[in-house]
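The values are calculated or read from the model by the stated rules, or taken from the named source; none is laboratory data. Since the model is a prediction, treat every value here as computed from it, not as a measurement. Neighbour counts run over all protein chains shown; Cβ positions are idealised from the backbone, glycine included. Side chains included, ligands, DNA and RNA excluded: accessible areas come from the protein's heavy atoms. Shrake-Rupley method; radii C 1.70, N 1.55, O 1.52, S 1.80 Å.
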Amino acid sequence: MSHDALGAALAAIVGERQVLVRPSELLVYATDGLPGYRKQPGIAVFPRTRDELVQVVRLLAREGVPFVPRGAGTGLSGGALADGSVLLGLNRLTRVLSVDAENRLAVVEPGVVNVHLTRAVAPYGLHYAPDPSSQAACTIGGNVAENAGGPHCLKYGVTLNHVVALTVILPDGDIVTLGSADGERDGYDLVGCFVGSEGCFGVALDATVRLTRNPQAVRTLLADFTSMDAAARATSAIIAAGIVPAALEMMDQATIRAVEASIYAAGYPTDAAAVLLMELDGLEAGIDVDVEKLRTICLDGGARAVRIARDEGERTRLWQGRKKAFGAMGRISSHLVVQDAVIPRTRLPEVLRLIAQIGAAERLSVCNVFHAGDGNLHPNIPYNANDPDESARVHRAMRAIMRACVDAGGSVTGEHGIGLDKIDYMPRIFSPESLDAMCRLRAVFDPARRANPGKVVPVRSCREWTQAPATR
Amino acid sequence: MRESDGSGDKMLSGGGPGAPAAFRSPLRPRDTADVADAVRDAAALGVPLRIRGAGHWLDAGRPVPASACVLDVSALRGITEYNPGDLTLTAGAGTTLAEIDEATRANGQWLPLDPAGATTATLGATLATASCGPLASALGLPRDLALGLEFVDGRGIVVRGGGRVVKNVAGFDLVRLTVGAWGTLGVITEATVRLRARPEAECTMALDAPRETGTLALLLRALREAPLTPIATELVDATFRAGNGDRGSDAVLVRLAGNAASVAAQRRHVESLGTARELPASAWDRLAAADPDGAFTVRISHRPSRVADLWHAIATATAEIEGAVRHASIERGVVRLIVPATAHEVVAPLVRCLASHASVLGERLPRAAWEALPAVTDRLSRGVRAAFDPHQILNPGLLAPMA
Ligand SMILES: Cc1cc2nc3c(=O)[nH]c(=O)nc-3n(C[C@H](O)[C@H](O)[C@H](O)COP(=O)(O)OP(=O)(O)OC[C@H]3O[C@@H](n4cnc5c(N)ncnc54)[C@H](O)[C@@H]3O)c2cc1C
Ligand SMILES: Cc1cc2nc3c(=O)[nH]c(=O)nc-3n(C[C@H](O)[C@H](O)[C@H](O)COP(=O)(O)OP(=O)(O)OC[C@H]3O[C@@H](n4cnc5c(N)ncnc54)[C@H](O)[C@@H]3O)c2cc1C
């Protein structure tokens, strides 16, 4: 089918205005949250209902056309980029289909914005626990596809731990139900396989997610350190002491200063080398005992001061600074690489030192703002992507940082996914056999490899792909 | 294919008289490379393998081919990496839960998996069967605690999924794929798991539960909504209590945890909900040992709000079975029913009856009862099986249908 004919066939399903075919209109869909890549889709289509979405996927299946699902496009690994293929926009499927407050479950369409779900269930004293910093924009479908995390995932777990069931349309148009909210079933954990599959296993039509009770008591603390090292050691000490804060985030001086210079100024001390933003939650009874323990560990570990938010307003302000830190950094330069890697928590001090050295060697300023309690680093680098020399230095530094994290026994991504950006790192952490096993798993869901082609696992790793194409 | 009579483990030794010489007695690989060799050879010759950890719960009574050769992975044993500060632990598949408990206890930590049965159960089997107990609702199912796995697939290929860190989204999820697959996609050789800190203080309370369904439902709801942070909340029946010298009605065992001040406040709250008294922590060990030898066990589950109804329906359906025991994880919505071996002929009709109320999952059943439960036959499950065990030699007869 020609480009025009496909556009017309899609328009027949969803209406003219829901289909973009002209390059000028498609420009905005050539990037996601990650700078440095531009891949323009050939067509973008935005179904408004589940029924339209199903018809669109089936049309694409009949025509053998590759497609890329896209939620809000806030992804940070280039996962939602479509290179000439069809971009399938899911951001108009925004209904919360049902809430079962007693059983703490909600069924949502894929385009529901993360924070909208929490708002919708607030009247029941519930919330949706995974809270990526992008929660005001990103979609549940995108969260499911990336297995997104967030500050409060330290205590409450990541997206995977909150998805109970999914309805998925497979790339060939078949609709399958994975998991069940009505009791446990025997069989393979296909929900677990789909979560984090980065759009390569099909399109989530709806998700049944677990809701979490709002805690009775919350305490938010800010500890201020004169060295990164001390903040890192305090983090390791808190984890080792067996305290499970709801969140334990670190921000370094560069981040603090960017935040304080922005409209999100949170009152962080700008002369601190690093701060830890910590939250304890749970029952009112006994919570202040744990607050005291946390405070003592920080002070013993060299904190200059530990501030405890006095009221909801102060708490919100402290969090707003953290959640908008990427945005604040984005203001200080034209581009920002947001990096994502994980290391064992006991290795934080040494790896942070290494990262600082790598940045210095490449004459770059690295801003760290990250989920310290999980060992999930985000070393970010503000730069100018139009300066080839600076870009080259950024790329070298990123590679060196990734190597340091892998060498420390870590992973190249804790929550942002592999997408396009990290695909070359995959052979560094997985053997050819393991990569091939991933290809085999993908082939079960999408034997034709039409869903989000070219992402996550390098094509050359897939043996069947190179040796025996189209035998099934 | 010859089938065993469903009486289970004793049938499973070597590959039987028809098997090639190398497969006539159990295989005992010492490391991953040995496992890979064994599976590769078995695949080449089409010899089915029965993977064995400690062997407590091999086929759950399912109709499995008796011709399978035992692949005993218990020698892949030992903790290979444990850094308490990271709260992660890596161990061979044959490592027992007791060994892990001992190593981690010294640091005030634990792997909070408390499945029914002895703690001589192996880590590999516990993950392969997704086994867990009352702690799972608060502290995580096996899928939530497994961080990384090494396994040998049905062609003898060594595969690693996940990693050793607590957060990781690199690549498609081979860990979730293998956890709960009952060894039909691969032989687990090593696993990395997430540990948790043991609670600073704990207290187990038994709260008497009313007999009438509506009132019970209200109590369970009140417990789920109460200002409590228990690490286990388990409804147990009077038969279980009586068996433990604890006469009285059905009761909810609540395992309160937190710091001392928090536990004291929670205890007062539980006491305000009805007649409650403290039990020693060993009550949980007794619950894990509630399955007598040869007993049959099913899990009946639905949404948590349905637990009281299920509890009642199961009591009615088992009223005539002497010694039947029920216990339920109220937060997970799972009722576990244990039927003594003597009642084996009623299990199949019982399972059929229960399946009309809710989701029924067999743990250990007589063969006829397995046939009353639906096999896993959906397209994706079949595809996964074919992709990871194309010759269908790994644990044939378990989970996925035989070829
Ligand atoms: C400022 C900022 C802060 C961030 N903070 C965090 C954070 O704290 N934690 C975190 O984990 N991430 C964070 N992110 C990254 C990003 O927000 C998450 O990855 C999010 O889950 C992406 O959701 P999205 O709707 O924007 O998806 P998109 O970017 O549109 O798509 C992401 C991937 O999901 C696939 N996809 C989308 N919808 C579906 C569907 N319905 N079915 C199947 N596949 C689908 C796409 O194909 C693509 O591969 C942040 C991003 C920004 C810009
Ligand atoms: C009678 C009885 C009933 C039980 N019922 C339940 C229950 O219903 N729910 C529950 O949560 N726990 C249950 N358990 C707990 C059980 O002890 C553990 O779940 C554990 O699986 C047993 O460990 P094992 O080493 O003895 O396993 P084994 O009996 O050796 O193996 C159990 C199963 O796992 C497979 N397997 C073993 N090792 C591996 C491996 N390395 N890789 C892949 N597959 C492997 C075996 O092939 C077998 O199918 C029960 C135990 C008993 C004794």
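Just to check your reading of the model, which residue among B:Leu398, B:Leu361, B:Leu380 is assigned by TED's automatic domain parsing to the domain that holds B:Ser131, within 16 Å of ligand 2 (Cβ to nearest atom) and open to solvent by less than 50 Å² (accessible area, probe 1.4 Å)?
Working: B:Leu361 fails: assigned by TED's automatic domain parsing to the domain that holds B:Ser131; B:Leu380 fails: within 16 Å of ligand 2 (Cβ to nearest atom).
Selected residue: B:Leu398, the only one of B:Leu398, B:Leu361, B:Leu380 that is assigned by TED's automatic domain parsing to the domain that holds B:Ser131, within 16 Å of ligand 2 (Cβ to nearest atom) and open to solvent by less than 50 Å² (accessible area, probe 1.4 Å).
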Would you confirm, using the coordinates I've provided, whether B:Thr120 is open to solvent by 40 Å² or more (accessible area, probe 1.4 Å) and assigned by TED's automatic domain parsing to the domain that holds B:Val175?
yes
Of the residues in the stretch A:270-295, those that are open to solvent by 60 Å² or more (accessible area, probe 1.4 Å), within 14 Å of another protein chain (Cβ to nearest Cβ) and not in a loop (DSSP other than H, G, I, E, B) come to A:Asp288, A:Val289, A:Glu292, A:Lys293
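I'd like to know if the stretch B:181-202 contains one or more residues that are small (Gly, Ala, Ser), crowded, with 24+ Cβ neighbours inside 10 Å and within 10 Å of another protein chain (Cβ to nearest Cβ). Even if it seems obvious, please write down each step before you answer.
Of the stretch B:181-202, the ones small (Gly, Ala, Ser) are B:181, B:183, B:186, B:191, B:197, B:201.
Still in the list and also crowded, with 24+ Cβ neighbours inside 10 Å: B:181, B:183, B:186, B:191.
Pick out the ones that are also within 10 Å of another protein chain (Cβ to nearest Cβ) and you get B:181, B:186.
Yes, the stretch B:181-202 has at least one match.
Is it true that some residue in the stretch B:97-104 is open to solvent by less than 30 Å² (accessible area, probe 1.4 Å) and more than 27 Å from B:Pro292 (Cβ to Cβ)? Please lay out each step first, then the result.
Step one: of the stretch B:97-104, the residues open to solvent by less than 30 Å² (accessible area, probe 1.4 Å) are B:97, B:100, B:104.
Keeping just the survivors that are more than 27 Å from B:Pro292 (Cβ to Cβ) gives B:104.
Checked against the condition, which is being open to solvent by less than 30 Å² (accessible area, probe 1.4 Å) and more than 27 Å from B:Pro292 (Cβ to Cβ), the stretch B:97-104 yields at least one hit.
Out of curiosity, is B:Leu218 at pLDDT 95 or above, more than 16 Å from ligand 1 (Cβ to nearest atom), aliphatic (A, V, I, L, M) and not assigned by TED's automatic domain parsing to the domain that holds B:Ala43? Full working, then the answer.
Details: at pLDDT 95 or above: yes; more than 16 Å from ligand 1 (Cβ to nearest atom): yes; aliphatic (A, V, I, L, M): yes; not assigned by TED's automatic domain parsing to the domain that holds B:Ala43: yes.
Yes: the conditions hold for B:Leu218.
In the stretch B:259-289, how many residues are β-branched (Val, Ile, Thr) and either open to solvent by 20 Å² or more (accessible area, probe 1.4 Å) or away from every other protein chain (no Cβ under 14 Å) (or both)? Show your work before the answer.
Step one: list which residues in the stretch B:259-289 are β-branched (Val, Ile, Thr), which gives B:263, B:270, B:275.
Next cut, either open to solvent by 20 Å² or more (accessible area, probe 1.4 Å) or away from every other protein chain (no Cβ under 14 Å) (or both) only: B:275.
Total satisfying the criteria: 1.
Restrict the check to the stretch B:112-121 and report whether at least one residue is more than 8 Å from chain A (Cβ to nearest Cβ) and not in a loop (DSSP other than H, G, I, E, B).
no
Of these, A:Val366, A:Val412, A:Val406, which one is open to solvent by 20 Å² or more (accessible area, probe 1.4 Å), under 28 Å from A:Thr31 (Cβ atoms) and within 12 Å of chain B (Cβ to nearest Cβ)?
Details: A:Val366 fails: within 12 Å of chain B (Cβ to nearest Cβ); A:Val412 fails: open to solvent by 20 Å² or more (accessible area, probe 1.4 Å).
Going through A:Val366, A:Val412, A:Val406 in turn, the sole match is A:Val406.
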Residues located in the stretch B:75-123, provided they are of a type in the set (Phe, Trp, Tyr) and within 21 Å of B:Arg286 (Cβ to Cβ):
B:Trp110
Under 6 Å between Cβ atoms, which residue pairs at least 6 apart in sequence (or on different chains) link something in the stretch B:364-381 that is more than 9 Å from chain A (Cβ to nearest Cβ) with a partner that is open to solvent by 60 Å² or more (accessible area, probe 1.4 Å)?
B:Pro366/B:His344; B:Ala372/B:Arg352
Would you list the strands (runs of 3 or more DSSP E) that sit entirely within the stretch A:74-127 and hold 2 or more residues that are over 24 Å from A:Phe326 (Cβ atoms), open to solvent by 10 Å² or more (accessible area, probe 1.4 Å) and more than 16 Å from ligand 2 (Cβ to nearest atom)?
A:96-100, A:105-108
Selection over the stretch B:70-96 where residues are farther than 26 Å from B:Asp293 by Cβ, in contact with a helix residue (DSSP H, G or I) (Cβ under 7 Å, 6 or more places away or on another chain) and assigned to a strand (DSSP E or B) yields a count of 5
Within the stretch B:336-346, does at least one residue satisfy the condition of being surrounded by fewer than 22 Cβ atoms within 10 Å (Cβ to Cβ), free of Cβ contacts under 8 Å to residues at least 40 places away in the same chain and in contact with a helix residue (DSSP H, G or I) (Cβ under 7 Å, 6 or more places away or on another chain)?
no
With the structure loaded, tell me whether A:Gly242 is open to solvent by less than 10 Å² (accessible area, probe 1.4 Å), within 12 Å of chain B (Cβ to nearest Cβ) and touching an Asp or Glu at 6+ places or on another chain (Cβ under 8 Å) or whether it fails that test.
no
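I'd like to verify a number: residues in the stretch A:322-340 that are assigned to a loop (DSSP other than H, G, I, E, B) and within 10 Å of ligand 1 (Cβ to nearest atom), how many? It would help to see each step written out before you state the result.
The initial filter retains those residues of the stretch A:322-340 that are assigned to a loop (DSSP other than H, G, I, E, B), namely A:324, A:331-334, A:339-340.
Within this subset, residues satisfying the condition of being within 10 Å of ligand 1 (Cβ to nearest atom) are A:324, A:340.
So the answer is 2.
Please find, among B:Ala93, B:Ala60, the residue that is more than 16 Å from ligand 1 (Cβ to nearest atom), open to solvent by less than 40 Å² (accessible area, probe 1.4 Å) and within 14 Å of chain A (Cβ to nearest Cβ).
Being more than 16 Å from ligand 1 (Cβ to nearest atom), open to solvent by less than 40 Å² (accessible area, probe 1.4 Å) and within 14 Å of chain A (Cβ to nearest Cβ) holds for just one of B:Ala93, B:Ala60, which is B:Ala60.
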Taking B:Gly294, is it open to solvent by 10 Å² or more (accessible area, probe 1.4 Å), in contact (Cβ under 8 Å) with a residue 60 or more places away in the chain, of a type in the set (Gly, Ala, Ser) and touching a helix residue (DSSP H, G or I) at 6+ places or on another chain (Cβ under 8 Å)?
no
Quick one: how many residues across the stretch A:128-147 are open to solvent by 10 Å² or more (accessible area, probe 1.4 Å), among the small types (Gly, Ala, Ser) and not in a helix (DSSP H, G or I)?
4
Could you say whether any residue in the stretch A:211-221 is within 14 Å of chain B (Cβ to nearest Cβ), within 11 Å of ligand 1 (Cβ to nearest atom) and open to solvent by less than 20 Å² (accessible area, probe 1.4 Å)?
no
Just to check your reading of the model, which residue among A:Gly199, A:Gly173, A:Gly183 is assigned to a loop (DSSP other than H, G, I, E, B), touching a His at 6+ places or on another chain (Cβ under 6 Å) and open to solvent by less than 20 Å² (accessible area, probe 1.4 Å)?
A:Gly183
Here are some conditions: (1) over 25 Å from A:Ile287 (Cβ atoms); (2) away from ligand 1 (no atom under 16 Å from the Cβ); (3) not aliphatic (A, V, I, L, M); (4) not in a strand (DSSP E or B). B:Arg160 meets all but one. Which one does it not meet?
(4)
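Kindly indicate whether any position in the stretch A:63-81 is of a type in the set (D, E, K, R) and out of contact with any helix residue (DSSP H, G or I) (no Cβ under 8 Å at 6 or more places or on another chain). If you could, list the steps in order and put the result at the bottom.
Of the residues in the stretch A:63-81, the ones of a type in the set (D, E, K, R) are A:63, A:70.
When the remaining residues are screened for being out of contact with any helix residue (DSSP H, G or I) (no Cβ under 8 Å at 6 or more places or on another chain), the result is none.
So far as the stretch A:63-81 goes, no, none of its residues is of a type in the set (D, E, K, R) and out of contact with any helix residue (DSSP H, G or I) (no Cβ under 8 Å at 6 or more places or on another chain).
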For B:Leu147, are the conditions met, namely being of a type in the set (A, V, I, L, M, F, W, C) and either in contact with a Lys or Arg (Cβ under 7 Å, 6 or more places away or on another chain) or under 20 Å from A:Val195 (Cα atoms) (or both)?
yes
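Does A:Leu283 count as in contact with a Cys (Cβ under 9 Å, 6 or more places away or on another chain), at pLDDT 95 or above and either closer than 20 Å to A:Gly373 by Cβ or of a type in the set (A, V, I, L, M, F, W, C) (or both)?
Numbers: in contact with a Cys (Cβ under 9 Å, 6 or more places away or on another chain): no; at pLDDT 95 or above: yes; either closer than 20 Å to A:Gly373 by Cβ or of a type in the set (A, V, I, L, M, F, W, C) (or both): yes.
In short, no.
If you go through the stretch B:236-258 one residue at a time, do you hit one that is within 12 Å of chain A (Cβ to nearest Cβ) and open to solvent by less than 20 Å² (accessible area, probe 1.4 Å)? It would help to see each step written out before you state the result.
Our first condition is that a residue be within 12 Å of chain A (Cβ to nearest Cβ); within the stretch B:236-258, this holds for B:256-258.
The next check asks that each one be open to solvent by less than 20 Å² (accessible area, probe 1.4 Å); those that pass are B:256-257.
Yes; the residues of the stretch B:236-258 include at least one that is within 12 Å of chain A (Cβ to nearest Cβ) and open to solvent by less than 20 Å² (accessible area, probe 1.4 Å).
Residues that are in contact (Cβ under 8 Å) with a residue 60 or more places away in the chain, within 13 Å of ligand 2 (Cβ to nearest atom) and either among the polar types (S, T, N, Q) or within 12 Å of chain A (Cβ to nearest Cβ) (or both): does the stretch B:142-150 have at least one? Outline the logic, then answer.
Our first condition is that a residue be in contact (Cβ under 8 Å) with a residue 60 or more places away in the chain; within the stretch B:142-150, this holds for B:150.
Then keep just the ones that are within 13 Å of ligand 2 (Cβ to nearest atom); that gives B:150.
Restricting the remaining residues to those that are either among the polar types (S, T, N, Q) or within 12 Å of chain A (Cβ to nearest Cβ) (or both) gives B:150.
For the stretch B:142-150, residues in contact (Cβ under 8 Å) with a residue 60 or more places away in the chain, within 13 Å of ligand 2 (Cβ to nearest atom) and either among the polar types (S, T, N, Q) or within 12 Å of chain A (Cβ to nearest Cβ) (or both): present.
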